[in-house]
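Here is the structure we will look at.
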């Protein structure tokens, strides 16, 4: 027995080929389990506690629209909204099918008949309003980015320009969307007078309001990112005698991308929050208008539907932020 006992460098004893399992393996498995618990177990446990507290406390809260709905009522209304969407799409499909049949019959009777195509005028469904909100926020976000990034680059490259723009940034950055909205509404109503089925005026109002409130984080972070570029990199550009546009696209933008994307992420989050208030007041079809209509409706299901919208807004906001992180990893030149 003693002949087969072997001591390793750490003093651990093994019996020939049948050594005891190394402690490293058990520690590694423990680390994996700990990481799984931290990344999955804790969030699931916290969410379960939240659902339990919500379910237990909802029945004790009385509002003007009735008892605060619990998780089951909210999930039931989510299913109802999903079902209503497909019912409405079925009506739309039937409407266009009948319209094609009628036009075919009239053409068969009179080959010179001018075919009339009418648009389906049914109410937008919940999913339609989600899509409208996403289109609106992306439109406003793109407009804000196209304005904020060039100005931020100029401010970061030139101290005089930064001093000139700084008062405007400090004055207009804190302005609420509720203050911008009446001004934007009056200006758009005076300038945009197209009545031939173009872009809806309420959509333009919401998109511009989102732009005005969400451009500041991108502008500030872009200027900060450009101004904080390593001086050695700037000197290399000067030694190579790069032109202004080459300097911006080859040196400035790649070096300042992390802070630019930080600003873009904040701007998109701000724009998503601003959008809901803007849609409520501008009556632009979307999640904001859905919440306002349900509040005005005052039915027994309105509270549950509003809570469905609140959860939808939160989940979509999280997804939009993750998409920005993914985009940053895709285009970031700093590996």
Inset, instruction - Could you tell me which of the residues 225, 288, 298, 271 is over 17 Å from the mean Cα position of the chain (by Cα) and at negative phi? - result: 225
Inset, instruction - Please enumerate the residues belonging to the range 218-235 that are without any contact (Cβ under 8 Å) to a residue 60 or more places away in the chain, part of a helix (DSSP H, G or I) and either surrounded by 18 or more Cβ atoms within 10 Å (Cβ to Cβ) or in contact with a helix residue (DSSP H, G or I) (Cβ under 8 Å, 6 or more places away or on another chain) (or both). - result: 233, 234
Legend entry - Flag if residue 81 is closer than 25 Å to residue 274 by Cα, at pLDDT below 95 and either part of a helix (DSSP H, G or I) or in contact with a strand residue (DSSP E or B) (Cβ under 6 Å, 6 or more places away or on another chain) (or both): yes
Legend entry - Cβ pairs under 8 Å, 6+ apart, first in the range 187-199 and at negative phi, second assigned to a helix (DSSP H, G or I) and at pLDDT 80 or above: 188/201; 188/204; 188/205; 188/208; 189/201; 192/201; 192/204
Inset, instruction - Determine, yes or no, whether residue 325 is closer than 20 Å to residue 134 by Cα, exposed (fewer than 13 other Cβ atoms within 10 Å of the Cβ) and in contact with a helix residue (DSSP H, G or I) (Cβ under 9 Å, 6 or more places away or on another chain). - result: yes
Inset, instruction - For residue 317, state whether it is under 21 Å from residue 127 (Cβ atoms) and either surrounded by 18 or more Cβ atoms within 10 Å (Cβ to Cβ) or in contact (Cβ under 8 Å) with a residue 24 or more places away in the chain (or both). - result: yes
Inset, instruction - Evaluate the following for residue 295: is it under 18 Å from residue 141 (Cβ atoms), out of contact with any strand residue (DSSP E or B) (no Cβ under 6 Å at 6 or more places or on another chain), part of a helix (DSSP H, G or I) and free of Cβ contacts under 8 Å to residues at least 24 places away in the same chain? - result: no
Inset, instruction - Having 1 or more residues that are crowded, with 19+ Cβ neighbours inside 10 Å is the bar; report the helices (runs of 4 or more DSSP H) wholly within the range 101-214 that clear it. - result: 126-157, 177-191
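The values are calculated or read from the model by the stated rules, or taken from the named source; none is laboratory data. Computed from a predicted structure; not experimentally measured. For neighbour counting, all protein chains shown are included, and Cβ atoms are generated from backbone atoms with ideal geometry for every residue, glycine included.
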